[in-house]
Amino acid sequence: MIETPPSTPPSRGPAEHSVREQIVAAAEEHFSHYGYEKTTVSDLAKSIGFSKAYIYKFFDSKQTIGEAICSKVLSAIVEAIEEAVMNASTPTEKFRRMFKALVETGSNLFFNDRKLYDIAAHSAGEGWPSARGYAQHIKQMLLEIIREGRESGEFERKTPLDETVHSIFLVMHPYVNPLLLQHNLDLVEDAPAQLSNLVLRSLAP
């Protein structure tokens, strides 16, 4: 059961962290039922049992609550990709697994928890920090794979590294960006393998 908020703001530390977690957890459940766009901070306050003013002591807007949830959702996708890549023996295999896991986790979220997926899509459309950070994380993973492939002689080294990473990211972008992925769901069965083959041919030394 959610505890009744104290009449005065909690002190910094574990108590405050606990309240923030309660708000985020309740908001995640509320958003998953009603959607981010249709939910107001007043709705959240009523559903949680806190006052609207009390929620604003921890989050200055609905967006910051959405950010916390979006970061959690996108972090789960990143973790799934990292786990898929972890035991791959070559840069080529790492890239294939990365692309496949990225598409699978994103499409699974769309079909299994559409309301939370919509928050991620909204964040991408609005350019929230969580969405920008997610895209940057994917680019960094890609850069590390390409760099490793160049060092091992598996990939070509004539093209500037940053140009190569940017170009490959553009190929992946319709599947990285949740706002775009929802318009490409009819391609998720074949796209990872076909586009991976295309990219890897371009990387051949």
Being assigned to a helix (DSSP H, G or I), loosely packed, with under 14 Cβ neighbours inside 10 Å and touching a helix residue (DSSP H, G or I) at 6+ places or on another chain (Cβ under 8 Å) is the requirement here; does Gly106 meet it? no
Can we say Leu179 is touching a Pro at 6+ places or on another chain (Cβ under 9 Å), open to solvent by 60 Å² or more (accessible area, probe 1.4 Å) and at pLDDT below 95? no
Residues of the stretch 21-57 being in contact (Cβ under 8 Å) with a residue 40 or more places away in the chain and assigned to a helix (DSSP H, G or I), in sequence order, are Ile23, Val24, Ala27, Glu28, Phe31, Ser32, His33, Tyr34, Ile48, Tyr54
How many residues, within the stretch 187-202, are in contact (Cβ under 8 Å) with a residue 60 or more places away in the chain and either in a helix (DSSP H, G or I) or more than 22 Å from the chain's Cα centre (by Cα) (or both)? 7
What about Ile69, is it at pLDDT below 90, closer than 23 Å to Ala193 by Cβ and part of a helix (DSSP H, G or I)? no
Answer yes if at least one residue in the stretch 140-159 is within 17 Å of the chain's Cα centre (by Cα), buried (at least 19 other Cβ atoms within 10 Å of the Cβ) and either hydroxyl-bearing (Ser, Thr, Tyr) or not assigned by TED's automatic domain parsing to the domain that holds Lys72 (or both), and no otherwise. no
Taking interchain pairs and intrachain pairs at least six residues apart, which have beta carbon atoms under 7 angstrom, with the first residue in the stretch 106-118 and under 20 Å from Pro174 (Cβ atoms) and the second outside any helix (DSSP H, G or I)? Ser107/Val188; Phe110/Gln182; Asp118/Gly35; Asp118/Tyr36
Failed condition for Ile168, given (1) within 20 Å of the chain's Cα centre (by Cα); (2) surrounded by fewer than 16 Cβ atoms within 10 Å (Cβ to Cβ): (2)
Please tell me if Glu82 is of a type in the set (Asp, Glu), outside any loop (DSSP other than H, G, I, E, B), at pLDDT 90 or above and open to solvent by 70 Å² or more (accessible area, probe 1.4 Å). yes
Could you grab the pairs with beta carbons closer than 6 Å, sequence gap of 6+ or different chains, first residue in the stretch 120-141 and closer than 16 Å to Ala101 by Cβ, second one hydroxyl-bearing (Ser, Thr, Tyr)? none
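The values are calculated or read from the model by the stated rules, or taken from the named source; none is laboratory data. Worth saying up front: this structure is predicted, and the values here are computed from it rather than measured. Neighbour counts run over all protein chains shown; Cβ positions are idealised from the backbone, glycine included. Remember, those area values only see protein heavy atoms, side chains included, never the ligands or the DNA or RNA. Shrake-Rupley method; radii C 1.70, N 1.55, O 1.52, S 1.80 Å.
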